[in-house]
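Note sheet for the following structure.
The values are calculated or read from the model by the stated rules, or taken from the named source; none is laboratory data. Values in this document were obtained by computation on a predicted structure and should not be read as measured data. Every residue, glycine among them, receives a Cβ derived from its backbone with ideal geometry; neighbour counts consider all protein chains shown. Surface accessibility is based on the protein's heavy atoms, side chains included, excluding ligands, DNA and RNA. Shrake-Rupley method; radii C 1.70, N 1.55, O 1.52, S 1.80 Å.
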Amino acid sequence: MELTGDKAKAWLLNFEAKIQEHKAYLSDLDQAIGDGDHGSNMARGTEAVKVNLEKIAEPETAEVLKQAAMALISKVGGASGPLYGSAFMQMAKTAKETTDIHELIEAGLEGIKHRGKADVGDKTMVDTWAPVVEALAKDALTNEAITQAVDATKPLKAKKGRASYVGERSIGALDPGAVSSGYLFTALVEEVLQ
Amino acid sequence: MELTGDKAKAWLLNFEAKIQEHKAYLSDLDQAIGDGDHGSNMARGTEAVKVNLEKIAEPETAEVLKQAAMALISKVGGASGPLYGSAFMQMAKTAKETTDIHELIEAGLEGIKHRGKADVGDKTMVDTWAPVVEALAKDALTNEAITQAVDATKPLKAKKGRASYVGERSIGALDPGAVSSGYLFTALVEEVLQ
Amino acid sequence: MKKIINHPSQVVDEMLKGMLYAHSDFLEGIDETRVIIEKDKQPTVGLVSGGGSGHEPAHAGFVGEGMLRAAVLGEMFTSPTPDQILEAIKASDTGHGVLLIVKNYTGDVMNFDMAKEMAEMEDIQVASVLVDDDIAVEDSTYTAGKRGVAGTVLVHKILGHFAHEGMALNDLKSLGDALVTDIHTLGVALSGATVPEVGKPGFHLGESEMEYGVGIHGEPGYRRDTLKPSREIAKELTGKLMSEIMTKKTKKIGLLVNGLGATPLQELYVFYNDVIEELAKYDVEIVFNKIGDFMTSIDMTGLSLTVIRLDDDKRTVALEAPVGVLNW
Amino acid sequence: MKKIINHPSQVVDEMLKGMLYAHSDFLEGIDETRVIIEKDKQPTVGLVSGGGSGHEPAHAGFVGEGMLRAAVLGEMFTSPTPDQILEAIKASDTGHGVLLIVKNYTGDVMNFDMAKEMAEMEDIQVASVLVDDDIAVEDSTYTAGKRGVAGTVLVHKILGHFAHEGMALNDLKSLGDALVTDIHTLGVALSGATVPEVGKPGFHLGESEMEYGVGIHGEPGYRRDTLKPSREIAKELTGKLMSEIMTKKTKKIGLLVNGLGATPLQELYVFYNDVIEELAKYDVEIVFNKIGDFMTSIDMTGLSLTVIRLDDDKRTVALEAPVGVLNW
Ligand SMILES: Nc1ncnc2c1ncn2[C@@H]1O[C@H](COP(=O)(O)OP(=O)(O)O)[C@@H](O)[C@H]1O
Ligand SMILES: Nc1ncnc2c1ncn2[C@@H]1O[C@H](COP(=O)(O)OP(=O)(O)O)[C@@H](O)[C@H]1O
Ligand SMILES: [Mg+2]
Ligand SMILES: [Mg+2]
Ligand SMILES: [Mg+2]
Ligand SMILES: [Mg+2]
C-alpha cells in the first residue's frame, strides 16, 4: 500500500493526539525502569511535528516525513529523539524512491537500528518495529498484532538504554518506547491501512 | 548563712545531677522559643564542672566557685556559658571577702546583669535570680519561692536573647535559662539551706 | 533524621578533621580548640570570625589569603567559648592586632567580648565589628537586635581585602562599622534545620507551607504562608530590602543569593532571575553578584537574599579581588 | 514537591536567564539554543560538554578560561538535541577543532554523535571523549555500559587545562580516552530526586533506608539497605573503588567527594574524614582532593566518591591550575 502525502500527514497528526492522550502513562512506564520523561519527551516532539505539518498546505510524502524527522530531532532530546528522528529521516530518504508503506517502515527500522545498535529482544522500540515490518510484508498489520508486539516486551530484560541499568528489575515492565511506537502504528492502521 | 567549700562542692554536684536528669526537658523548652540546645549546653558545662571539682580534695569556697566558673566559660558557649560563667566568676571574687550566701548570690546576679544587660521582666534567668536574692536577704528561700519565680516567666514576652526573635510567640512558654537556674537554687536549698 | 554521619555528637570534630585532612596545604588546626587558621600569616591585621557550626562553608571555608585569618568553630548552632576564641586571637596576631567579626547573637556577642577582654589583658590589640544584617528582626530595645546572617560573608570579603592591603586595625574597624549599616538580608525557608543531636527540625512546615524571615539557626521567622512562586518571594524580599537600602539614595548595589544548605543551585538561579526582573522597578545598577551556598543552616531548604550598597567603588574592588580561600 | 520556582516547565529557561543576568561579564548565551559559552575565545581547541539539566553547577558552572568553552543544556534530565549541540560546536570552533565531552548515556551519546556528524558535514573538526566512570553499573553487552557521573568534571578540568595550553585536538582525544579509564565513581542516596515536571521523587526511600550505586538521574542503584554510618559507607565505596584502581598498581590518587544537591557540606567533610581513614589501609598517596557540589541530581540527598589515578604528575598539575569558571 502507498503512503500518500495526505495520509502521511493524517497519520502523524493522529499519532500526536495519541501521545498527548497517553503522555502521563508513558512517563509512568518510564519512571518504573527509566527516568520518567518519555511521555513529556514524546509530547514535546509530536507537538513540534504537528506545528511543522500544519504549515504544509499540499503535503508531499517525503517532505512530510522530513519535517517530522526534523521536529523530532530538534525537540525531543534524550534517547527517543535521535531514534524516532533517525527513523523518519530514513523514511524521508526512502520516500524519494518509493512510497510503499512496507518499504518505508522497514527503512525506518533500519534507521533506528543503525542509530541505537539494538536488536530484537533487547526490550526497546525495536521490539515493536520489527514485528510490524514483518506483518506489513504480509499485508497483515492489525491492532492485535501491534498489541501483541508491545506486550511481548514485558518479560524481556532490558539490554539497551536507561532501563538496562535496573537489570533484572526491568523484567515484568512494558518498555515505554515500545508502547509509544505502538501508538504510532495504531495511528497508521487507523489513518492509512483501514 | 555561710557557704563552706564542702557545701559549695555538694551544691554544684547536685546541680549537675539535676541538669543531666532534665537535659531533654531543658532543650525542649529552648526548642519552643530558642534553638533547642540549652539542655545539651548546660549538660556539657556542668559535666565539666563536676570533672574540675572532683579533682579538689580539700574544697575551699572561692576555689570551688572559680573552678565552676572556668568550666562553664570554657565548655558551654552560647548565651548561657558566659552568663553562668560570669555569675560564678563574680561569686568567686566575692568569696575572697565573704562567704555569706546572700552576698554571694547577689554578686552572681550582678555578674549576669553586667554581662547580659537584661533586667527583671525580660524573660531570662535574671527572673529567677532576682527573686532568689530577695528571698535570701530575708532568709526565706524555699522550693516554693523558686518555683514561683520560674513559673512567673511564662506570661512574659522575651526581650533579650534568642527568644526575643519570636516576640509575642514567646508568651506562654517558660524561659529555659530561668528553669535551669531554678535547678541551681533547688540544689542550694537541698545541700546548703536545709 | 537522615544524615551521612557517625555519632551525632561527633559531627563537628569529624568535620573538622576532614577539613584538615583535605586542606593541610594552607590551613592548620590549633589543637584542642576547634580553630582553623591559615598557615602562612602575612604581617597584617588578622581577621577572626566564627560561630556555631552548621553554617558551612562559613566560616572555615573563608579562611585564607585576602579573607579571614582564622575561624573558630562552636558546637552545632552554639557560639564558641571565650578560650577557643582567645587562642584564635593569639595565633592570629602578628603584632598588628586582630579584628573580630561577630554576628549579632547574644551568645556570640558575649563570648567574643569575653575573649576580647582576655586578649587585651595579654596586651593584644583587638577590635570587633558586629554584623546585624537580618531585617526580619526588628531592631528595638525589645529584642536582642537584628541578627547577623549571610551578609557577614561580604564583611569578611571586603575587610579581608583591606586587611590584606595593609590597612590598620582602627581604620578597618571604622570601615567595618560603616559597612554593616549598608548590608541587609532576608531569608525564607521551605523546611526547618535538623541539629544532629536534636534529631528533629527546629520547626515544622507542612507540604505547602513556607516561612518568611527565618534565621540561620532554625529560628522561625516573621510570617508563615502558603508556598509562593519564586517570583512572589522575590517581590516580597526585594521590596523590603530595597526600601531599607534606598533610604540612602543608593545608586549601585551588589546581590548575594545564598542557599540555606539543601537548596539546589538551579533554584537559586531561577530566584535570581526573578530578583533581577523585580529590580527593574528601581533606579539602581547591579555591580556585583554572588550565587551559591555561603552561610547555611545545616540542611534547611530555602534561601536568603542580601543587598549591599556599593556606591563606593572601593567596596566593589574589594569584593572582586581574588582570594585564596575554599568557598568564595 | 516544595521548590522555589515558578512553573515547573519554566525552570530550565529561567535558570538560564538567571545565569546570564549574573555572569554576562564573561559568559553569553546563544539565542534559542540553551547554549552558554565564554565570551573571550582563545585560539585553541574548544571543549563542549552538556547534558540534561538538573546537575548544576554542571555544566555551565565549568565554562570559562581553562575548562569548557561551552555547555549545552537539555531539558531536565534529558540530553540536549543535536541542533543545540551543533550550534555550540559552531560557536566554539576557532579553527582548531572542537572536543565533545560526553557522559555515557544512550541519549547523550546519540545526540552528540548526530551533532558531530552534522558538524563534520560543515567541515568542522570534531572529536569526542566518552566518560563512563560509574562502577555501579556493570560494563557488559547486556547494558548500555557504565554511566558518566561526577568524574566527568575531572575530565573537563584536565582536558580543559591542556586545551588552554594549546594541545591539538587529536592529542586531547588520546589523552582523554586514556584518562577516562583511570576515573571511577560510586554514589549513595538517602532520597530520590524530584524532576519539577514529574512532581515526585524518582524512587522512594523509607526513613531509615539508603540506596547504593545511584546514578545522577534519579536512577535507583545496586542495593537498598538500612541507613549506615558514614564510616561504613566510606568503607564500602572506598573498597570497591580502590579494587578497581589498584589493578593498575596505582601509587598516587586524587579524590572528589561530590554532594548530590541537598547534602550539607558538613556531611561531605565527615565522610571525607572516614574515606581518609579507610585509605590508610592502602599504599597510596592522596595528591589532590575536591569537596563540594559539582555534579548534582537536582535535590537528591547523598553523595558520590570519585577516585582518579594520578601517577602521571601532569594530570595533577592540570587539576591544580587556576581557572576562570564559576564553580570549580
Ligand atoms: N539503543 C536503543 N535502541 C533502540 N531503542 C532504544 C535504545 N535505547 C533506548 N531506547 C528506547 O528509548 C526509550 C526511552 O526513551 P526516553 O525515555 O524518551 O529517553 P531517555 O532514556 O534518554 O530518558 C526506551 O523505552 C526504548 O524503547
Ligand atoms: N541577655 C541575657 N541576659 C540574661 N540571660 C539571658 C540573656 N540572653 C539569654 N539569656 C538566657 O540564656 C538562655 C538560653 O541559653 P542557651 O540556649 O544555652 O544559649 P543560646 O541562646 O545561645 O542558644 C535563655 O533561656 C535565657 O535565660
Ligand atoms: Mg526516559
Ligand atoms: Mg539555646
Ligand atoms: Mg544556641
Ligand atoms: Mg531522559
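General observations
- Three-way shape call for chain D based on the alpha-carbon gyration tensor, with the a/c threshold at 1.5: oblate
- Summing Cβ point charges (Lys, Arg +1; Asp, Glu -1) relative to the Cα centre of the protein assembly as shown gives a dipole of roughly 20 debye.
- Of every Cα-Cα pair in the stretch A:1-115, the percent that sits beyond 19 Å: 44
- Other copies of A:Lys55: label-to-label distances in nm, shortest first, labels 7 Å along the beta-carbon direction: 8.4
- Cα gyration tensor shape of the stretch B:76-194, rounded if a/c is under 1.5, else prolate or oblate by comparing a/b with b/c: oblate
- Ignoring aspartates and glutamates fewer than eight residues from A:Lys23 along the same chain, the ones with Cα atoms less than 15 angstrom from its Cα are A:Asp35, A:Asp37, A:Glu47, A:Asp175, D:Glu197.
- DSSP beta bridges fully contained in the stretch D:183-328 are about 70 percent antiparallel.
- Considering only the stretch D:1-84, percent of DSSP beta bridges that pair antiparallel, nearest 5: 55
- Distance from the C-alpha centroid of the stretch C:149-203 to that of the stretch C:1-28: 22 Å, rounded to the whole angstrom.
- For the stretch D:150-162, backbone phi angles converted through the Karplus equation (6.51, -1.76, 1.60; θ = phi - 60°) give residue-by-residue couplings of 4, x, 3, 5, 5, 5, 4, 5, 5, 5, x, 5, 5 Hz, Gly and Pro being listed as x.
- Using alpha-carbon coordinates, inclination of helix A:176-188 to the longest axis of chain A, degrees: 30
- Peptide D:268-280 has a mean shielding of 6, counted as Cβ atoms of other protein chains within 10 Å of each residue's Cβ.
- What the Cα convex hull of the stretch D:1-85 gives, in volume per residue, is 98 Å³.
- Solvent-accessible area buried by pairing D with C, both sides, nearest 100 square angstrom, 1.4 angstrom probe: 4500
- Out of every Cα-Cα pair that the protein assembly as shown contains, those further apart than 52 angstrom amount to 27 percent.
- Carbon and sulfur %, accessible surface of chain A computed with the full protein complex present, 1.4 Å: 50
- Carbon-plus-sulfur accessible fraction, chain D (probe radius 1.4 Å, protein heavy atoms only): 48%.
- Cα-projected label distance for A:Asp139 with A:Glu168, points at 7 Å along beta-carbon direction, nm: 4.9
- Considering helices alone, the calculated mean residue ellipticity of chain C at 222 nm is -10000 deg cm²/dmol, with DSSP H runs of length four and up weighted by -39500 (n - 2.57) and normalised per residue.
- Other copies of B:Glu190: label-to-label distances in nm, shortest first, labels 7 Å along the beta-carbon direction: 8.1
- Among the listed pairs B:Lys160/C:Lys240; A:Lys7/A:Lys93; B:Lys117/B:Lys138; A:Lys117/A:Lys159; C:Lys2/C:Lys103, those with a Cα-Cα distance over 22 Å are B:Lys160/C:Lys240; B:Lys117/B:Lys138; C:Lys2/C:Lys103.
- Choice from D:Gln125, D:Gln84, D:Gln266 showing the highest fluctuation, given a GNM over chain D with Cα pairs closer than 10 Å: D:Gln266
- Measuring from each Cβ of chain C to the axis that turns chain C onto chain D, the shortest distance belongs to C:Ala262, 2 (residue, then whole Å).
- A label point on D:Gly199, set 7 Å along the Cα-to-Cβ line, lies at 3.5 nm from each of its counterparts in the other copies, closest listed first.
- Among B:Val166, B:Val179, B:Val49, the largest mean-square fluctuation in a Gaussian network model of chain B, built with springs joining Cα atoms closer than 10 Å, belongs to B:Val166.
- Surface/4 of the Cα convex hull for the stretch C:8-180, nm²: 9.6
- Residue-averaged 222 nm ellipticity for chain A, from DSSP H runs of 4+ at -39500 (n - 2.57), nearest 500: -21500 deg cm²/dmol
- Residue-wise HN-Hα couplings along the stretch A:58-65, as the Karplus relation 6.51 cos²θ - 1.76 cosθ + 1.60 with θ = phi - 60° gives them from phi, are 10, x, 10, 3, 4, 5, 4, 5 Hz; Gly and Pro carry x.
- Rounded to 5, percent antiparallel among DSSP beta bridges of the protein assembly as shown: 55
- Å³ per residue enclosed by the Cα convex hull of the stretch C:187-328: 114
- Between 0 and 90°, nearest 10: helix B:38-54 axis offset from chain B longest Cα axis: 0
- Within a Gaussian network of chain A (alpha carbon springs, distance under 10 Å), most fluctuating of A:Asp175, A:Asp119, A:Asp30: A:Asp119
- Out-of-range pairs (alpha-carbon distance over 20 Å; input C:Lys146/C:Lys235; B:Lys55/C:Lys116; B:Lys50/B:Lys75): C:Lys146/C:Lys235; B:Lys55/C:Lys116
- Overall dimensions of the stretch D:51-137 by Cα: Rg and Dmax, Å: 12.5, 39
- Scanning residues 5 or more positions from D:Gly74 or on other chains, those with amide H under 5 Å from its amide H are D:Gly51, D:Gly52, D:Ser53, with H placed 1.01 Å from N in the peptide plane.
- Relative contact order of chain D, defined on C-alpha pairs under 8 angstrom at six or more residues apart (%): 18
- Shielding by partners, peptide B:31-38 (average Cβ within 10 angstrom, other chains): 6
- Inter-chain neighbour count for C:287-298: the average number of beta-carbon atoms from partner chains within 10 Å of each residue's beta-carbon is 3.
- Using the 1.4 Å probe convention, the accessible area of chain D works out to 32 Å² per residue with neighbouring protein chains retained.
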